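Undergrad: Pasting a structure here, questions to come.
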Amino acid sequence: MTWIEKRKKDFFHKKAKIEGYRSRAAYKLLQANQSHHFIKQGDYVIDLGCAPGGWLQVASKLVGLKGKVLGADLKPIKPLNLHNVQFLMGDVSDKELPKKILDLMGDKVDVVLSDLSPKISGVWELDHARQIDLANSALNIAKLTLKKGGFFFVKVFDGPYLKEFIDKMKKDFFEVKILKPKASRPESAELYLLGKKFKPKTEKLN
Ligand SMILES: C[S@@+](CC[C@H](N)C(=O)[O-])C[C@H]1O[C@@H](n2cnc3c(N)ncnc32)[C@H](O)[C@@H]1O
């Protein structure tokens with residue numbers, strides 16, 4: 001890591017502490033949304049892999065009083081005490097999760113977010129494959145829970161399986177953009193994809 005990259009890492013880490021965000025990841029969502037405006041006042045938003053809760057804090061502000069945010073993660077989170085945020089402990093590979101999410105939200109949603117990441121083993125091919133697997137679980141949940149025209153913002157690790165994943169997303173969204181927010185470290189192979197305008201096919205919940 002170069003000194004500039006280190007300084008940048010420290011910069012967002014410190015900024016998060018000062019501004020009261022639970023993670024520096026909060027800025028990745030803020031920056032992407034500043035450019036692409038996919039979360040709006042009144043929206044219903046799902047955040048997959050939400051712990052410790054930085055994105056939940058950002059989404060809560062963006063959707064405002066009339067919106068709703070539901071975070072899901074394997075790990076529990078410390079309560080956020082935000083009026084419009086709920087938390088559900090669960091695994092994104094659990095086939096029952098989409099139904100539980102829809103029951104809690106009471107309706108289909110405008111935006112599905114996914115910052116899912118596996119435990120990093122250090123073996124790149126393995127980490128990439130596991131991460132794309134998680135992104136696929138998030139896409140399946142998005143297909144079952146998004147409203148027509150909805151947005152899907154998902155983290156991916158760049159590598160050999162990425163193209164296949166993007167091609168899959170292109171079948172379900174009118175447009176798929178590849179984003180690299182400034183708060184994402186340049187040396188990291190992490191990218192974000194934004195699927196715009198969901199095109200629902202009739203998919204059944206089991
Ligand atoms: C990078 S963190 C998310 C950070 C979050 N966006 C924030 O701003 O605080 C990735 C999360 O994915 C979660 N995760 C990994 N595998 C999962 C799975 N199968 N189901 C649900 N959550 C999972 C991890 O527990 C971890 O909390």
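The values are calculated or read from the model by the stated rules, or taken from the named source; none is laboratory data. Just so it is clear, the structure is predicted and the values come from calculations on it, not from any experiment. Glycine gets a Cβ as well: all are built from the backbone with ideal geometry, and neighbour counts include every protein chain shown.
Undergrad: Within the range 59-81, work out how many residues are over 21 Å from Lys40 (Cβ atoms) and either among the hydrophobic types (A, V, I, L, M, F, W, C) or touching a Cys at 6+ places or on another chain (Cβ under 8 Å) (or both).
TA: Qualifying residue count, the range 59-81: 4.
Undergrad: Let me ask something else. If you go through the range 97-123 one residue at a time, how many are in a helix (DSSP H, G or I), touching a residue at least 60 places away in the same chain (Cβ under 8 Å) and among the hydrophobic types (A, V, I, L, M, F, W, C)? Step through it out loud before you land on a result.
TA: Quick first cut of the range 97-123, residues in a helix (DSSP H, G or I) only: 97-105.
Next cut, touching a residue at least 60 places away in the same chain (Cβ under 8 Å) only: 98-99, 102, 105.
Among the residues that remain, those that are also among the hydrophobic types (A, V, I, L, M, F, W, C) are: 102, 105.
Of the residues in the range 97-123, 2 are in a helix (DSSP H, G or I), touching a residue at least 60 places away in the same chain (Cβ under 8 Å) and among the hydrophobic types (A, V, I, L, M, F, W, C).
Undergrad: Among the listed residues Gln57, Gln41, identify the single one that is buried (at least 18 other Cβ atoms within 10 Å of the Cβ), modelled with pLDDT of 95 or more, among the polar types (S, T, N, Q) and in contact with a helix residue (DSSP H, G or I) (Cβ under 9 Å, 6 or more places away or on another chain). Lay out the reasoning, then the answer.
TA: Details: Gln41 fails: buried (at least 18 other Cβ atoms within 10 Å of the Cβ).
It is Gln57.
Undergrad: Enumerate the pairs (first residue in the range 13-36 and acidic (Asp, Glu); second residue anywhere and more than 13 Å from the ligand (Cβ to nearest atom) and at pLDDT 90 or above) with beta-carbon separation below 9 Å, excluding pairs fewer than 6 apart on the same chain, so at least 6 apart or on different chains.
TA: none
Undergrad: Okay, moving on. Quick check on my filter: what residues within the range 76-96 are closer than 15 Å to Gly54 by Cα and touching a residue at least 60 places away in the same chain (Cβ under 8 Å)?
TA: none
Undergrad: Could you give every pair whose Cβ atoms fall below 7 Å, whose first residue belongs to the range 45-62 and is in contact (Cβ under 8 Å) with a residue 60 or more places away in the chain and more than 6 Å from the ligand (Cβ to nearest atom), and whose second residue is in a strand (DSSP E or B) and among the acidic types (Asp, Glu), counting only separations of at least 6 or pairs across chains?
TA: Close Cβ pairs (under 7 Å, with a partner that is in a strand (DSSP E or B) and among the acidic types (Asp, Glu)) amount to Val45/Asp110.
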